[in-house]
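First the structure, in the form of structure tokens, and then the observations on it.
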Amino acid sequence: MTANIDESARIVESTIGQSEIREHVTVHDSSIGDECNIYERTSIKKCEISDAVVVNAGSYVENTRIETNVQVGPNSNIVGVTHELSEQGMEFRNDLFEEIVLREGSFIGAGVVLAPGVELGAGSVVAAGSTVLEDVDPGKIVLGSPPAQRVIDLHEWVNR
């Protein structure tokens, strides 16, 4: 089996395994493993994506390492790039790269924002609409955004 890449997709300096790349997807300077599904209007830059990963429509993923069996919900922003902040404000055109890591089996809901440098532990879940600014331990669920954010044990959440 070979990759199934839609003719409207744009692949630049990247390797794609036996995966499906849908309409209007851009992939730059990245590698994508086997059995992945990258859905419509998604942009992937400077990423290493393992096998059996799903990135849903409308997502932007940059400077991120994604392990196996991870799902990213639609319209999520996972961007491992920031800028130096000083009293004068943000430094224009001086990118600082802080890789994001999504460990095996993690799940990102729709509309999630992950800040640069964040690591999600294996089997962790980020609820739809949440913003994550700090690392998440394995087996935890993140609910909401700071300052009212809650991070609890996934087992506790499922069995409540």
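Here are the numbers:
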{"quantity": "Segment 57-74 residues that are at positive phi, paired with ones that are surrounded by 22 or more Cβ atoms within 10 Å (Cβ to Cβ) (beta carbon under 6 Å, 6 or more apart)", "calculated": "ASN63/GLY80"}
{"quantity": "Pairs with Cβ under 7 Å, 6+ apart, first in segment 127-155 and closer than 12 Å to LEU114 by Cβ, second exposed (fewer than 13 other Cβ atoms within 10 Å of the Cβ)", "calculated": "THR131/PRO146; LEU133/PRO146"}
{"quantity": "Selection within segment 116-144 - within 14 Å of GLU156 (Cβ to Cβ), buried (at least 20 other Cβ atoms within 10 Å of the Cβ) and touching a Lys or Arg at 6+ places or on another chain (Cβ under 8 Å)", "calculated": "SER124, VAL125, VAL142"}
{"quantity": "Enumeration of residues in segment 94-103 that are surrounded by 17 or more Cβ atoms within 10 Å (Cβ to Cβ) and not basic (Lys, Arg)", "calculated": "GLU99, ILE100, VAL101, LEU102"}
{"quantity": "Considering residues of segment 24-66 that are of a type in the set (Asp, Glu) and more than 11 Å from the chain's Cα centre (by Cα) only, the residue farthest from GLY109 (Cα to Cα)", "calculated": "ASP29"}
{"quantity": "Answer from GLY109, GLY80, GLY33 - the residue that is surrounded by 17 or more Cβ atoms within 10 Å (Cβ to Cβ) and under 24 Å from VAL158 (Cα atoms)", "calculated": "GLY109"}
{"quantity": "Filter result for the condition that a residue is closer than 22 Å to VAL125 by Cα, out of contact with any helix residue (DSSP H, G or I) (no Cβ under 9 Å at 6 or more places or on another chain), modelled with pLDDT of 95 or more and of a type outside the set (D, E, K, R), over SER8, SER19, SER50, SER31", "calculated": "SER50"}
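To keep it simple, each residue is scored yes or no on (1) at pLDDT 95 or above; (2) under 14 Å from the mean Cα position of the chain (by Cα); (3) more than 26 Å from SER14 (Cβ to Cβ).
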position	(1), (2), (3)
THR68	yes, yes, no
GLN71	yes, yes, no
PRO74	yes, yes, no
GLY80	no, yes, no
SER86	no, no, yes
GLU91	no, no, yes
VAL113	yes, yes, no
SER124	yes, yes, yes
LEU143	yes, no, yes
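Yes/no per residue for (1) free of Cβ contacts under 8 Å to residues at least 40 places away in the same chain; (2) of a type outside the set (S, T, N, Q); (3) loosely packed, with under 15 Cβ neighbours inside 10 Å:
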| residue | (1), (2), (3) |
| --- | --- |
| GLN18 | yes, no, yes |
| SER43 | yes, no, no |
| ILE49 | yes, yes, no |
| SER76 | yes, no, no |
| LEU85 | yes, yes, yes |
| MET90 | yes, yes, yes |
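The values are calculated or read from the model by the stated rules, or taken from the named source; none is laboratory data. In this text, all values refer to a predicted model and were calculated from it rather than measured experimentally. No Cβ is skipped: glycine too gets one built from the backbone with ideal geometry, and neighbour counts run over all protein chains shown.
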